[in-house]
Amino acid sequence: MSKFFITGCFENGDEIKLDGPNSHHVRHVLRMKTGQELTVCDGRGFDYLCSLSRFDDDSVFVSVNSKLKTPAEPTVLVSLFVAMPKSDKLETVIQKAVELGVYEITPFFSSRCVSRPDDRAQARKTERFRKISEEAAKQSGRGIIPNIHEPVGFDDMLKKATEHDLSLMAYEGERNVSLLNALQNKGNFLRVSAVIGSEGGFTSGEAEAANASGLITVSLGPRIMRCETAPIAMLSAIMFFTGNF
């Protein structure tokens, strides 16, 4: 069933107005007719099962038949921190991470980041990243649209990443602590941060700074993954461990 995100809180019997791109999609892409069903989501974890009630010149109106908590939202809130990669790799990471259940994504700049767009170019990129997040949320039946934050520097990333119940950094130089070890040792947690490097990974100095800030450096195994593969692997493992697969 098609899903549309809209701001608001609704109850059974309410009429919801869909306009702009949502109205266009109903009319001209899906070519829906009166009486057909669709889902409206408030972006806060609740779905409204609706039926199309009427059209006007520019808008579509739907009637709320029932309200329920979105079943697709995981029980753990994973904040993904990704060092800015080259080309369009981050677009792929965002799409797949949203499908897997990520809560939010923050790009950051580490010493080995090659991509460093100026403010104007970065603003365009962030706008596109947020659109990708929205489309992936619709496709995968999410109850929220995961926020894609503006990029931050390495030190600011450390501050944000350590505000969670469990703060993890994937580091290929880690030999003693695996991702599974870190998850098992912590036990119960609600909020977890997952930090991934760019092409070339992290320097030893960055790993030491992360440890000093409270991050736990973990190994993702003996194989070296590409920067666009590692966040998906790490997020998948966290979701599996917490029973969200």
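Some observations on this one:
- The residue that is surrounded by the fewest Cβ atoms within 10 Å (Cβ to Cβ), among those in segment 1-60 that are over 21 Å from Ser133 (Cβ atoms) and of a type in the set (Asp, Glu), is Asp57.
- Residue count for segment 156-202, restricted to those that are surrounded by 15 or more Cβ atoms within 10 Å (Cβ to Cβ), under 21 Å from Lys89 (Cβ atoms) and not aliphatic (A, V, I, L, M): 8.
- Conditions (1) out of contact with any Ser or Thr (no Cβ under 9 Å at 6 or more places or on another chain); (2) in contact (Cβ under 8 Å) with a residue 24 or more places away in the chain; (3) part of a loop (DSSP other than H, G, I, E, B): number failed by Gly221: (1)
- Within segment 4-39, being in contact with a Gly (Cβ under 9 Å, 6 or more places away or on another chain), part of a strand (DSSP E or B) and closer than 18 Å to Gly141 by Cβ holds for Phe5, Thr39.
- Within segment 91-140, being over 20 Å from Thr70 (Cβ atoms), at pLDDT 95 or above and basic (Lys, Arg) holds for Arg128, Lys131.
- Residue check, Arg44 without any contact (Cβ under 8 Å) to a residue 40 or more places away in the chain and either out of contact with any helix residue (DSSP H, G or I) (no Cβ under 7 Å at 6 or more places or on another chain) or among the polar types (S, T, N, Q) (or both): no
- Out of Gln139, Gln122, one residue alone is among the polar types (S, T, N, Q), within 16 Å of the chain's Cα centre (by Cα) and in the same structural domain as Leu158 (by TED's automatic domain parsing). It is Gln139.
- Taken over segment 185-204, the criterion of being over 18 Å from Tyr103 (Cβ atoms), free of Cβ contacts under 8 Å to residues at least 24 places away in the same chain and either assigned to a helix (DSSP H, G or I) or of a type in the set (Val, Ile, Thr) (or both) is satisfied by Asn185 alone.
- Residue satisfying condition, being under 16 Å from the mean Cα position of the chain (by Cα), loosely packed, with under 13 Cβ neighbours inside 10 Å and touching a residue at least 12 places away in the same chain (Cβ under 8 Å), within set Thr75, Thr92: Thr75
Matching residues to (1) touching a residue at least 60 places away in the same chain (Cβ under 8 Å); (2) part of a loop (DSSP other than H, G, I, E, B):
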position: His164; (1), (2): yes, yes
position: Glu172; (1), (2): no, yes
position: Arg175; (1), (2): no, yes
position: Ser236; (1), (2): yes, no
position: Met239; (1), (2): yes, no
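The values are calculated or read from the model by the stated rules, or taken from the named source; none is laboratory data. The shown structure was predicted, so the numbers you read here are calculated from the model rather than taken from an experiment. Glycine also receives a Cβ, built like all others from the backbone with ideal geometry; neighbour counts cover every protein chain displayed.
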